[in-house]
Amino acid sequence: MCGIVGYIGDKDVASVLLAGLWKLEYRGYDSCGIAVLNGGEIDLRKTTGRLMQLQELVDKTPISGNVGIGHTRWATHGEPTSINAHPHLDCKSKIAVVHNGIIENAYVLREKLIKSMHIFKSNTDTEVIPHLIEENFQGNLLDAVIKSMKELEGSFAIAVISVDDPGKIIAARKGSPLIIGIGENENFIASDIPALAGHTKKIIILEEGQVSLITQNDVKVYNLDGKEIKKEPEKIDIAMEILDKKGYPHFMLKEIMEQPDVIRDNIKDKWTNNSINLGEKFKMSSSELASITRIIIQACGTSWHAGYVAKYLLEDIARIHTEIDISSEFRYRNPVVSGETLVVAVSQSGETADTLAGVREAKAKFLKILSFVNVRNSTIARESDNAIYINAGPEIGVASTKAYTAEIFSLYLFSLYLARIKWTLGDNIVEKRINKLKELPDKMEKVLEKKGEIEKISEKYLSAKNFLFLGRGINYPSALEGALKLKEISYIHATGYPAGEMKHGPIALIDENTPVFAVVTNSSVYDKMMSNLEEVKARKGRIIAIATEGDERIKEIAEDVIYIPDVDEEISPILTALPMQLFAYYVAAKKGYDVDKPRNLAKSVTVE
Ligand code: F6R
């Protein structure tokens, strides 16, 4: 999704801005631009397409100055053209603005501003911001931004510079994240921490409704009444190596291969002194947990699939009624709840707008909230009463892989933790299950060793136009996730189904041109899955099966079989995810697509 950077200092501003934007490139964008204060004017470069094109523009006509802002845009209002790219300017080209988020009352404001003779150039919602600031400007940029913010509705993070109030950047947040990086004799702003890598480890995270005045040697934060708020900088650990592919052709493949280590490290961190340790942000007492009678999990996309797996786990292991909801539905559906309802949010980025809105909705209903989040200090982590970090490490590939399995792992541990409190499992059984978990990373490695085999299988299916993914029980969400992985990076239409539902409609799709990817591992529903696959085979469907080592029967119906080690059914989704991730990866890579940055997608979806 859109990225913001800003810099004030003695270095070459265009280079610093471009370097910051490169670090945000993984998030997905379709146009980009920078604006630099150059004496009495704003020097602007914008383009559609990739940062390389922006770099070429800057190389051709260099920019100098010591204050600037930059942006990568993921189009929402208005096509990805260079006119619609940010930064946007006011009528006199004296104010430049970059913006993440959506201005919901842009239409009304635009009409009003046009009546006051403002001239608009783009089709974006963003362009109302510089014009509004121009309208409110009386010599002090901070005051003008604060005044304008009160008129803007929607969610946004903005950075503003002005020729008439130079030597400063004004940054403001309402709904979308914004971070200030504190340097020596220089300061930075960024929408995401990776943009600051290599510059500083000292940051200030702007909270809702806060505005910051950033000069070369000072950072001040204000609320919307213009009152200064004292904020101590936090120290964070941003390592440069997170942006290194470590010899892999894509981040996605690197991240798929990292999964055994992610689970290994998580076991070390979360099983200490023979007990489950859910981390420093998890503070729910046993009596609080014991009183929970219902859980609603809300999340989006891949995280929703991880939450779906957890529904099976929580109901089966902890015997708690659990619902799973897509956040964009949950936030508007006004569910029937009581004080004993726990709302669980699952989010890799911790910034997904709908999931965050779900957290806020739960807060408004006075419900307990627990979030499973990867990015530390993200908005969802900060706004939740309790959070469990899934500790997957930075995930750069837009298609989520290691965060998915790490989410399931943490949700599984939480189910075991709750089971002990609810007395549905005894300590000795929990310990036995943890011992089984400890074997999981080696088993994951065994599956990943099959990547060459999976690559070969993928070559047979490159021309398929449609795919069905089937699973049952706890591997039904695995089928949903397998289908999502394939469609989002290979652009092949794929649908996940519970196999038992086939004969109620989707079986009509089966013919020799619609491959069926099936999870048919050792489980309580193995025989049922096999019957469903016989029905596929009878209709000439081509089957690719994930099966358990030693299963000879599956070979009679499946054209291709990917064997995985035997594993307990309840943790099997962590293992069955891997062949499907690799399959999707190889199909997309062989079709020549930009695997890490699939079209139209963004890494963290900070708009509704
Ligand atoms: C798919 C994918 C998305 C995200 C979804 C939620 O591979 O990555 O479906 O899972 O946008 O994102 P988070 O987990 O950051 O809330």
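The values are calculated or read from the model by the stated rules, or taken from the named source; none is laboratory data. Fair warning: this is a prediction, and the values are worked out from it, not measured in the lab. So basically every Cβ, Gly included, is an ideal-geometry build from the backbone, and we count neighbours across all protein chains shown.
Some observations on this one:
- Criterion (surrounded by fewer than 15 Cβ atoms within 10 Å (Cβ to Cβ) and of a type outside the set (Lys, Arg)) met by exactly one of Ala290, Ala318, Ala299, Ala345: Ala290
Conditions tested, residue by residue: (1) of a type in the set (Asp, Glu); (2) at pLDDT 95 or above; (3) touching a strand residue (DSSP E or B) at 6+ places or on another chain (Cβ under 9 Å).
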| residue | (1), (2), (3) |
| --- | --- |
| Tyr312 | no, yes, yes |
| Thr322 | no, yes, yes |
| Asp325 | yes, yes, yes |
| Gly339 | no, no, yes |
| Val343 | no, yes, yes |
| Ser349 | no, no, yes |
| Ile369 | no, yes, yes |
| Ser378 | no, no, yes |
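- Number of positions in region 333-364 that are under 21 Å from the mean Cα position of the chain (by Cα), under 21 Å from Gly154 (Cβ atoms) and away from the ligand (no atom under 15 Å from the Cβ): 1
- If the condition is being hydrophobic (A, V, I, L, M, F, W, C), in contact with a helix residue (DSSP H, G or I) (Cβ under 9 Å, 6 or more places away or on another chain) and free of Cβ contacts under 8 Å to residues at least 24 places away in the same chain, then region 516-564 contributes only Val561.
So that you can scan it fast, the table gives a plain yes or no per residue for (1) within 16 Å of the ligand (Cβ to nearest atom); (2) surrounded by fewer than 21 Cβ atoms within 10 Å (Cβ to Cβ); (3) hydroxyl-bearing (Ser, Thr, Tyr); (4) outside the structural domain of Thr576 (by TED's automatic domain parsing):
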position: Leu484; (1), (2), (3), (4): yes, no, no, no
position: Pro498; (1), (2), (3), (4): no, yes, no, no
position: Glu501; (1), (2), (3), (4): no, yes, no, no
position: Pro506; (1), (2), (3), (4): no, yes, no, no
position: Pro515; (1), (2), (3), (4): no, no, no, no
position: Ile544; (1), (2), (3), (4): no, no, no, no
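- Residues of region 170-190 satisfying the condition of being closer than 20 Å to Lys227 by Cβ and either surrounded by fewer than 20 Cβ atoms within 10 Å (Cβ to Cβ) or of a type in the set (A, V, I, L, M, F, W, C) (or both): Ile170, Ala171, Ala172, Leu178, Ile180
- Of all residues in region 279-317 being hydroxyl-bearing (Ser, Thr, Tyr) and within 19 Å of Pro573 (Cα to Cα), the one that is farthest from the ligand (Cβ to nearest atom): Tyr312
- Test result for Lys231, out of contact with any His (no Cβ under 6 Å at 6 or more places or on another chain), outside the structural domain of Asn374 (by TED's automatic domain parsing) and of a type in the set (D, E, K, R): yes
- Of all the residues in region 321-332, those that are among the aromatic types (Phe, Trp, Tyr) and either within 16 Å of the ligand (Cβ to nearest atom) or surrounded by 20 or more Cβ atoms within 10 Å (Cβ to Cβ) (or both) number 1.
- Of the residues screened, Glu383 is one that is touching a strand residue (DSSP E or B) at 6+ places or on another chain (Cβ under 9 Å) and of a type outside the set (Val, Ile, Thr).
Residue-wise test of (1) farther than 22 Å from Asn84 by Cβ; (2) modelled with pLDDT of 95 or more; (3) out of contact with any Cys (no Cβ under 9 Å at 6 or more places or on another chain).
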site	(1), (2), (3)
His118	no, yes, no
Val128	no, yes, yes
Phe137	yes, yes, yes
Leu142	yes, yes, yes
Ser155	no, no, yes
Ile161	no, yes, yes
Lys168	yes, yes, yes
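- Qualifying positions in region 391-404 - in contact with a Ser or Thr (Cβ under 9 Å, 6 or more places away or on another chain) and either surrounded by fewer than 24 Cβ atoms within 10 Å (Cβ to Cβ) or not assigned by TED's automatic domain parsing to the domain that holds Glu351 (or both): Asn391
- Any hit, region 89-106, residues being outside any strand (DSSP E or B), in the same structural domain as Ser191 (by TED's automatic domain parsing) and within 21 Å of Lys603 (Cβ to Cβ): no
- Screening region 26-51 for residues that are under 16 Å from Ile4 (Cβ atoms) and among the β-branched types (Val, Ile, Thr) and picking the one that is surrounded by the fewest Cβ atoms within 10 Å (Cβ to Cβ) gives Val36.
- Inclusion of Ile388 among residues that are closer than 14 Å to Ala299 by Cβ and not assigned by TED's automatic domain parsing to the domain that holds Lys174 is warranted.
- Residue among Ile474, Ile489 that alone is over 23 Å from the mean Cα position of the chain (by Cα) and either buried (at least 23 other Cβ atoms within 10 Å of the Cβ) or modelled with pLDDT under 95 (or both): Ile474
- In the set (1) crowded, with 23+ Cβ neighbours inside 10 Å; (2) under 14 Å from Ile546 (Cα atoms), Ile457 fails one condition alone, (1).
- From the list Glu315, Glu280, the lone residue that is in a loop (DSSP other than H, G, I, E, B) and either of a type in the set (A, V, I, L, M) or within 27 Å of the chain's Cα centre (by Cα) (or both) is Glu280.
- Members of region 588-599 that are within 16 Å of the ligand (Cβ to nearest atom) and either without any contact (Cβ under 8 Å) to a residue 12 or more places away in the chain or assigned to a strand (DSSP E or B) (or both): Asp594
- Residue match in region 580-587 (condition: within 17 Å of Ile263 (Cα to Cα) and assigned to a helix (DSSP H, G or I)): yes
- Residues located in region 1-44, provided they are part of a strand (DSSP E or B) and under 23 Å from Gly101 (Cα atoms): Gly3, Ile4, Val5, Gly6, Tyr7, Ser31, Cys32, Gly33, Ile34, Ala35, Val36, Leu44
- Residue list for region 329-351, restricted to those being within 10 Å of Ala299 (Cα to Cα) and either touching a Leu at 6+ places or on another chain (Cβ under 7 Å) or small (Gly, Ala, Ser) (or both): Val344, Ala345, Ser347
- Within region 210-224, considering residues that are free of Cβ contacts under 8 Å to residues at least 60 places away in the same chain and within 17 Å of Glu153 (Cα to Cα), the one surrounded by the fewest Cβ atoms within 10 Å (Cβ to Cβ): Asn223
- Flag if Tyr491 is of a type in the set (Phe, Trp, Tyr) and either assigned by TED's automatic domain parsing to the domain that holds Leu342 or touching a strand residue (DSSP E or B) at 6+ places or on another chain (Cβ under 9 Å) (or both): no
- Elements of type helices (runs of 4 or more DSSP H) contained in region 385-454, each with 2 or more residues being charged (D, E, K, R) and more than 16 Å from the ligand (Cβ to nearest atom): 427-438, 440-448
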